[in-house]
Every structure is written in structure tokens, then in C-alpha cells.
Amino acid sequence: AFAALDEILVLGLKAVNLEPGVSAVPMPADDRRLYPIYAKCEAAGLPVVIMTGGGAGPDLSYNDPAALDRMLADFPALKVVSAHGGWPYVQEILGVAFRRENLYVCPDMYLGPLPGTAEYLAAANGFLSERFLFGTAYPFCPMKPYTEWFMAQLGSDAALERVMGGNAKTLLSLQ
């Protein structure tokens, strides 16, 4: 894992993606075996994208937002993206994002006709507008209609600019 992280630094890549619940040995986000990776990413200023939602492991316990909360507390300078937005634990992941300013939420394919959509949208238009990311999870969701639908849900031009690209640029140090 460390050699791969060194290669990422040399190549100039902008983030690391982890799917701990579906690894060869499934583990929660706060498993201590992952801590050296988190520490190295935190030191290098590399954000970590963690799959937290839907099929994030053999059962829902691997998607427990409390594990992510504990890890975020241990690495307060590490910026983390909750890919799949912690679904179905929408209220809980938004609660973690409220507590931890280093958490970004990207519900991607879990927006739409699913429980929790109203809460995600309220967060995107409110307290989380500077740490909410949009993604389609294409091909699971058709890119153009999904994007158009989501953009119509944002309440202001400022939220639209942030959520549809500005937040990602900031997260990835592209501006």
C-alpha cells in the first residue's frame, strides 16, 4: 500500500479511493490497518474517497457512519469523501458531516426516488453546500437527465456553482 501511495505522489494524482468493506478482507472505515494509509494521505494533503453506501460490504455494519466519524476524528486534517453518501444512513452521515468539517458527501446514484433524497437536497442547499459533491455514478444513472434533474433541485446560483464543480475544485486543489 505504501509503494502505491508513493507512486500516487510521484504521478501527481489528486486523491485516493478506498472501498474497505469490499476488500479481500472486509473492514470498516476505522479499521486500524487502514490508519497508515490515512496518515500518509493526510500528511501529503491527498483526499480519500471512501465507499460508504449501498453495497459497501457484506452487510450494513460495514457502512456504519459511526466508524467513519471515529476515523475522521482521528485524522482531522484529512479530507474524506463519502462516496454513495452513506446511504441508507442518510440522517446519520449528514450528522457526521455536521460534526466533522473534513467530510464531503457525494450521494451520486442514491439521489432521486429513494428515501433520504429530501435530506440530501436540504444539506446541499444549506449547511453542507460547501462540502456536497454531485456525481451520477454513470452508467447506473443516465448522465444528462439525472444531472438536469439535480441541478433543478438546487436553490441558488451559489449552491449550483459550488455543488456542480466548485467544491470538487477546492477539494482537489484545482483552483
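The values are calculated or read from the model by the stated rules, or taken from the named source; none is laboratory data. The structure presented is a predicted model; accordingly, all values stated were derived computationally and were not measured. All accessible areas refer to the heavy atoms of the entire protein, side chains included, with ligands and DNA or RNA removed. Shrake-Rupley method; radii C 1.70, N 1.55, O 1.52, S 1.80 Å.
Full extension of the chain segment joining L9 with A73 gains 20.6 nm, where the gain is 0.36 nm per residue of separation less the Cα-Cα distance. Of the solvent-accessible surface of the chain, computed with a 1.4 Å probe over protein heavy atoms with every protein chain present, carbon and sulfur atoms account for 60 percent.
Annotated for the chain: lysine pairs at least 8 residues apart or interchain, Cα distance under 17 Å, count 5.
Take the range 37-175 with all the other protein chains still there, run a 1.4 Å probe, and you get 46 Å² of accessible area per residue.
Summing -39500 (n - 2.57) over the DSSP H runs of n ≥ 4 in the chain and dividing by its residue number, what mean residue ellipticity at 222 nm do you reach, to the nearest 500 deg cm²/dmol? Write out the running numbers ahead of the final one.
Details: 8 runs with 70 residues, N = 175.
The helix contribution divided over the chain gives -11000 deg cm²/dmol.
Solvent-accessible area of M164, all protein chains in place: 60 Å² (probe radius 1.4 Å, heavy atoms, ligands and nucleic acids excluded).
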